[in-house]
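Remarks on the structure that follows.
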Amino acid sequence: MIEKVLIGAAGLGIASLAGSFIGLLIKKIPHRWNDIFMGFCAGTMLAAAIVGLIAPAVAMTEPAGWWQIVIGVAAGVALISLLDYATPHLHHLTGLDSEKHHGDMAVNRILLFVIAIALHKLPEGMATGIVYDENNLSNAYAVTISIALQNIPEGMVVVTPLLMIGVGYGRALAISIAVALLEMLGVGLGFILGGISGVFLPALLGMAG
């Protein structure tokens, strides 16, 4: 099973990097296509969260135990908030002059957008790792493939906005690699948490979702 998890994690990382490389080549995505890509990513993640995570959690729990799922979802929201609070401002990571871009709303919006993509990679990876179970590998493969597919356009829309505001190719590539590695780390963490005890699985699925 560990080998399958590692392959799944590698697949997610490669898909994300593939999208980033495409973004480096294209350099600029028209606004309309950017919206299409992000809509596709959002729809895929929503489907993976509900069909691959929340629905199985509900199916394995009696109605009286659905409070576990609610607590799990609340814990997931808390995790994202904690990551958001702990993450440094991207001006320091992109090499942009913070004084020069202070008050530049366009740059700030792009940085906020990129950091939002990066932040959700850890729980997204956990969502994939948690569902790896010998008894239901088909669900694990479905979640992995769906996340990998949306990682390609997502990788593109992480790199291209950075290039548009003047971030160098080297830094943009380094950021995309870090984002991919963060998701791969999440896969391993999710698999470990999911294997601790089946008692916690509904709550963990809810948190990942």
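The values are calculated or read from the model by the stated rules, or taken from the named source; none is laboratory data. Fair warning: this is a prediction, and the values are worked out from it, not measured in the lab. Cβ placement follows ideal geometry from the backbone for every residue including glycine, while neighbour counts extend to all protein chains displayed. Surface accessibility is based on the protein's heavy atoms, side chains included, excluding ligands, DNA and RNA. Shrake-Rupley method; radii C 1.70, N 1.55, O 1.52, S 1.80 Å.
Worth pointing out:
- A Förster radius of 35 Å, combined with the Cβ-Cβ distance separating LEU181 from TRP66, puts the computed FRET efficiency at roughly 0.50.
- Residues of segment 139-153 falling in the label zone of ILE26, defined by backbone nitrogen less than 16 Å from a point 7 Å along Cα to beta-carbon, are 149-153.
- Sequence ranges 61-73, 184-196, ranked by mean other-Cβ count within 10 angstrom, highest first: 184-196, 61-73
- Full extension of the segment from LYS4 to TYR169, taken as 0.36 nm per residue of separation minus the current Cα-Cα distance, would add 56.1 nm.
- Folded to 0 to 90 degrees: helix 105-119 orientation relative to the chain principal axis, Cα: 30 degrees
- With contacts taken as Cα pairs under 8 Å and at least 6 residues apart, the chain reaches a relative contact order of 47 percent.
- Diffusion constant of segment 1-68 at 20 °C, which comes from Stokes-Einstein with the Kirkwood Cα-pair radius and 1.002 mPa s, µm²/s: 142 µm²/s
- Surface composition of the chain: carbon plus sulfur atoms hold 73% of the accessible area, using a 1.4 angstrom probe and ignoring ligands, DNA and RNA.
- Using a simple spin-label model with pseudo-atoms 7 Å out from Cα toward Cβ, LEU79 and ALA142 lie 2.1 nm apart.
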